[in-house]
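Have a look at the structure below before the remarks.
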Amino acid sequence: MNKEEFEERASRLQEIGQIIEKLPIEIRGDAFGLLKAYATKNASSGNDPSQAEQYIASDDNGDADSNSSEGGLFSKHTHDKPADNVRLAAAHLFEQYGSEPFTAAEIESVATDAGITVPSRIDMTLRVAKDDGKQLFMSAGRGKFKPTVHGEIYLKNTYKVKKGTNTRSKANA
């Protein structure tokens, strides 16, 4: 990428940023997804937005940093209760990593990135989370939680997510 192309993309990103900043937090991720092609369009090479979209789609391998599903999940489901937002964040992690254990800090990180409110004691919220009298999460080691079988069914039915197959790196474990 040369300096001219860099400056062009930077100005487009600033333009997009000004637009997205005016939108509600819940739809910003989806809105940026729609405008990614515009930001990566290269006037000097003649790429059109559809080519840029194809490039982005081929480059997006569905890893944990991918915000496309995150933005969609969080914009589809809104909750009034912070405890329900913990379940929503857990659904996002379930969609990414399946039944792999997660920490309260990871839930807090996902919630912060998505702009949703969660309780200060996420660990206690996970310990007492029940649906129809059935425990949704179980302890999976010191400070870690994972969905129970009933929890997996709850997440799949409530948030329409599929069990993820990504694995965490050893640094995050």
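Details
- Contacts under 9 angstrom Cβ, first residue in the range 129-143 being within 16 Å of residue 89 (Cβ to Cβ) and touching a residue at least 24 places away in the same chain (Cβ under 8 Å), partner of a type in the set (D, E, K, R) and open to solvent by 90 Å² or more (accessible area, probe 1.4 Å), 6 or more apart: 136/130; 137/127
- Of the helices (runs of 4 or more DSSP H) that lie entirely inside the range 86-173, those containing 2 or more residues that are open to solvent by 80 Å² or more (accessible area, probe 1.4 Å) and under 19 Å from residue 29 (Cα atoms) span 104-114.
- Qualifying residue in the range 69-81 (condition: crowded, with 17+ Cβ neighbours inside 10 Å, of a type outside the set (S, T, N, Q) and modelled with pLDDT of 90 or more): no
- For the range 123-148, a residue qualifies if it is under 18 Å from the mean Cα position of the chain (by Cα) and over 21 Å from residue 163 (Cα atoms), but none of them does.
The values are calculated or read from the model by the stated rules, or taken from the named source; none is laboratory data. A quick note: this is a predicted structure, and the numbers were derived from the prediction, not measured. As a convention, Cβ positions derive from the backbone with ideal geometry for all residues, glycine included, and neighbour counts pool all protein chains shown. These area figures cover heavy atoms from the full protein model, side chains too; ligands, DNA and RNA do not enter into them. Shrake-Rupley method; radii C 1.70, N 1.55, O 1.52, S 1.80 Å.
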